[in-house]
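Enquirer: Structure incoming, see below.
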Amino acid sequence: MKRFFIIPILFSTILLSSTITIAIAANLSYVMVPLKKAFNKMHPNINVRVIRGSSGKLTSQIRHLAPYDIFLSANIEYPQKLYEENLTLFKPMVYASGALAIFSNKEQKIDHNLAFLTHDTIEKIAIANPKTAPYGVASKQALKNAKLYDMLENKLVYGESISQTIIYATSIADAGIISKSSLYAPQMLHYKEGVQWVDVDTALYTPIKQAMVIAKHTQYKKEAKAFYDFMLSSKAIKILKKFGYKVL
């Protein structure tokens, strides 16, 4: 008789599970792995599907009602625009602040103020596209404030998102301005701080406040709110800090 009870129980469990789709800024690609794992331990019946891209392109897709339930942006401006256009359930909520790092896959004397980028050995510098990626906006701002942008503009190679920029910085470019959080990913830990990367002086750019919103067209409000609340929990904060984000 026991076999006849197992099948209905399993079937009902499947029926109770839901899948939410989270659109994330590319800088969150690495940290999302442990975040998703921690969330699933707390909410085993909520499956999480992740779509990543530049914040600008994801914003455009949400405007066209892409089936995303939550949007985790790399800045607050894009979510704020969606809120003002009545496309979100709540005002944007800041969940973390990101930071820039100057990186080279070669061992060099790297400085916080970006001056080493002027060396003759640096022919290509990877940064994210300022038109679509908030980390690109911050990178351009840092170069301008360091009085280096005009001098280095011809050397710049643009990644569509910060994740593509990291690929460029670790392959075709001699250096790059990337998200600090990416350097805490397992596959990046072999790069040494002070030798192959350092923080960009935070005085050179506006703090990168990253915010999230729930899409108004979501069909899974309860489940989306569960992940939204999780991102503000002590568990998520601990994970974010481990990956170099600043969280209040």
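The values are calculated or read from the model by the stated rules, or taken from the named source; none is laboratory data. Values in this document were obtained by computation on a predicted structure and should not be read as measured data. Please note: Cβ atoms are built from the backbone with ideal geometry, for glycine as well, and neighbour counts cover all protein chains shown.
Enquirer: In the stretch 173-198, what residues are of a type in the set (Asp, Glu) and either crowded, with 16+ Cβ neighbours inside 10 Å or in a loop (DSSP other than H, G, I, E, B) (or both)?
Expert: Asp174 - this is the single residue of the stretch 173-198 that is of a type in the set (Asp, Glu) and either crowded, with 16+ Cβ neighbours inside 10 Å or in a loop (DSSP other than H, G, I, E, B) (or both).
Enquirer: Any residue at all in the stretch 73-81 that is in contact with a Leu (Cβ under 9 Å, 6 or more places away or on another chain), modelled with pLDDT of 95 or more and assigned to a loop (DSSP other than H, G, I, E, B)?
Expert: The answer is yes; a qualifying residue exists.
Enquirer: Checking Gln164 against (1) touching an Asp or Glu at 6+ places or on another chain (Cβ under 9 Å); (2) within 24 Å of Phe243 (Cβ to Cβ); (3) of a type outside the set (Asp, Glu); (4) surrounded by fewer than 23 Cβ atoms within 10 Å (Cβ to Cβ), only one condition comes out false. Which one?
Expert: Failed condition: (1).
Enquirer: Please count how many residues of the stretch 192-210 are over 18 Å from Leu148 (Cα atoms) and either in contact with a Ser or Thr (Cβ under 6 Å, 6 or more places away or on another chain) or modelled with pLDDT of 95 or more (or both).
Expert: Of the residues in that region, 6 qualify.
Enquirer: Please work out which one of (1) under 27 Å from Lys209 (Cβ atoms); (2) in the same structural domain as Leu189 (by TED's automatic domain parsing); (3) part of a loop (DSSP other than H, G, I, E, B); (4) charged (D, E, K, R) is the condition Lys91 fails and give its number.
Expert: Every condition holds for Lys91 apart from (2).
Enquirer: Return a yes/no flag: does the stretch 50-60 have any residue that is in a strand (DSSP E or B), without any contact (Cβ under 8 Å) to a residue 40 or more places away in the chain and surrounded by 15 or more Cβ atoms within 10 Å (Cβ to Cβ).
Expert: Scanning the stretch 50-60 turns up at least one residue that is in a strand (DSSP E or B), without any contact (Cβ under 8 Å) to a residue 40 or more places away in the chain and surrounded by 15 or more Cβ atoms within 10 Å (Cβ to Cβ).
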